[in-house]
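> I am attaching a structure below and will ask some questions about it afterwards.
The values are calculated or read from the model by the stated rules, or taken from the named source; none is laboratory data. Just so it is clear, the structure is predicted and the values come from calculations on it, not from any experiment. Cβ placement follows ideal geometry from the backbone for every residue including glycine, while neighbour counts extend to all protein chains displayed.
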């Protein structure tokens with residue numbers, strides 16, 4: 001094209017070269033900056049199986065922990081069911097049920113730990129556990145199965161090593177063992193219970209037992225019962241610190257005639 005001055009006029013045409021200022025869409029620009037996205041590969045059967053196995057394992061672990069926690073927690077319902085295993089249709093465990101109970105926990109009925117257990121249950125009659133005694137006592141012990149009680153036996157035995165608890169158990173034993181229509185304990189039962197409680201810890205007990213065997217006593221009252229414990233704890237094995245005149249002030253009233261007679265009998269025996 002020629003302008004009016006006769007010179008040719010050049011018209012600018014856009015080049016299609018690489019250096020052109022051609023605009024691009026946002027998607028085109030993004031694709032140049034970011035690498036192409038990989039397509040997700042469908043999970044194979046082996047991968048799904050492994051994932052399911054991991055989930056199952058986690059569930060089993062959680063479930064076993066939950067079950068273990070539930071078993072460890074005390075259950076009144078489970079304790080009640082446990083009671084009726086020995087009581088049958090009655091609301092009391094009697095001699096037959098008690099025999100099976102002792103067998104299940106691995107303890108002889110004459111074992112001192114059974115006396116400690118009765119004390120913890122506050123049982124009122126020897127050879128019997130009522131429903132209320134069972135529920136109250138076992139709740140305090142947090143025992144609702146045979147296994148839990150078996151695991152608690154050593155703890156119950158250890159209570160005898162504490163002087164305060166031992167004294168409480170000793171005093172309890174008198175009322176537990178006596179006939180409820182009697183104020184005193186017959187001599188044969190008294191000898192058995194004294195042997196159970198003092199036989200292994202009081203060196204003079206065999207001699208005291210001999211004294212009771214040959215004595216005129218048919219029963220022992222509660223004062224006499226309690227005096228024997230204090231005597232076993234405070235009097236020397238050679239009886240050198242026993243004062244008959246001061247004994248009535250030291251021991252429970254009335255004066256400990258039973259112990260006076262024992263000391264006299266023992267000294268005569270030593271001299272003969």
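> Assess whether residue 207 counts as being under 20 Å from residue 173 (Cβ atoms), modelled with pLDDT of 95 or more and assigned by TED's automatic domain parsing to the domain that holds residue 189.
Criteria not met by residue 207.
> Moving to a separate point now. From 165, 188, which residue is surrounded by 13 or more Cβ atoms within 10 Å (Cβ to Cβ), out of contact with any strand residue (DSSP E or B) (no Cβ under 8 Å at 6 or more places or on another chain) and modelled with pLDDT of 95 or more?
Numbers: 188 fails: surrounded by 13 or more Cβ atoms within 10 Å (Cβ to Cβ).
None of the other options fit; the residue is 165.
> Report, by residue number, each residue of segment 197-222 that is under 29 Å from residue 158 (Cα atoms), assigned to a loop (DSSP other than H, G, I, E, B) and touching a strand residue (DSSP E or B) at 6+ places or on another chain (Cβ under 9 Å).
221
> Return the only residue of 148, 180 being farther than 25 Å from residue 234 by Cα and outside the structural domain of residue 232 (by TED's automatic domain parsing). Give the steps one after another, and end with the answer.
Working: 180 fails: outside the structural domain of residue 232 (by TED's automatic domain parsing).
Of the residues listed, the single one that is farther than 25 Å from residue 234 by Cα and outside the structural domain of residue 232 (by TED's automatic domain parsing) is 148.
> Using beta carbons and a limit of 7 Å, which pairs, at least six apart or on different chains, have the first residue in segment 131-142 and touching a residue at least 60 places away in the same chain (Cβ under 8 Å) and the second one not in a helix (DSSP H, G or I)?
139/74; 142/74
> Still on this model: Do we find that residue 194 is within 30 Å of residue 114 (Cα to Cα), part of a helix (DSSP H, G or I) and under 36 Å from the mean Cα position of the chain (by Cα) in this structure?
It is true that residue 194 is within 30 Å of residue 114 (Cα to Cα), part of a helix (DSSP H, G or I) and under 36 Å from the mean Cα position of the chain (by Cα).
> May I ask you to verify whether residue 226 is at pLDDT 95 or above, outside any helix (DSSP H, G or I), surrounded by 15 or more Cβ atoms within 10 Å (Cβ to Cβ) and in contact with a helix residue (DSSP H, G or I) (Cβ under 7 Å, 6 or more places away or on another chain)? Give the steps one after another, and end with the answer.
Values: at pLDDT 95 or above: yes; outside any helix (DSSP H, G or I): no; surrounded by 15 or more Cβ atoms within 10 Å (Cβ to Cβ): yes; in contact with a helix residue (DSSP H, G or I) (Cβ under 7 Å, 6 or more places away or on another chain): yes.
No: the conditions fail for residue 226.
> Where residues in segment 79-98 are over 20 Å from residue 148 (Cβ atoms) and in contact with a helix residue (DSSP H, G or I) (Cβ under 9 Å, 6 or more places away or on another chain), which of them is surrounded by the fewest Cβ atoms within 10 Å (Cβ to Cβ)?
That would be 96.
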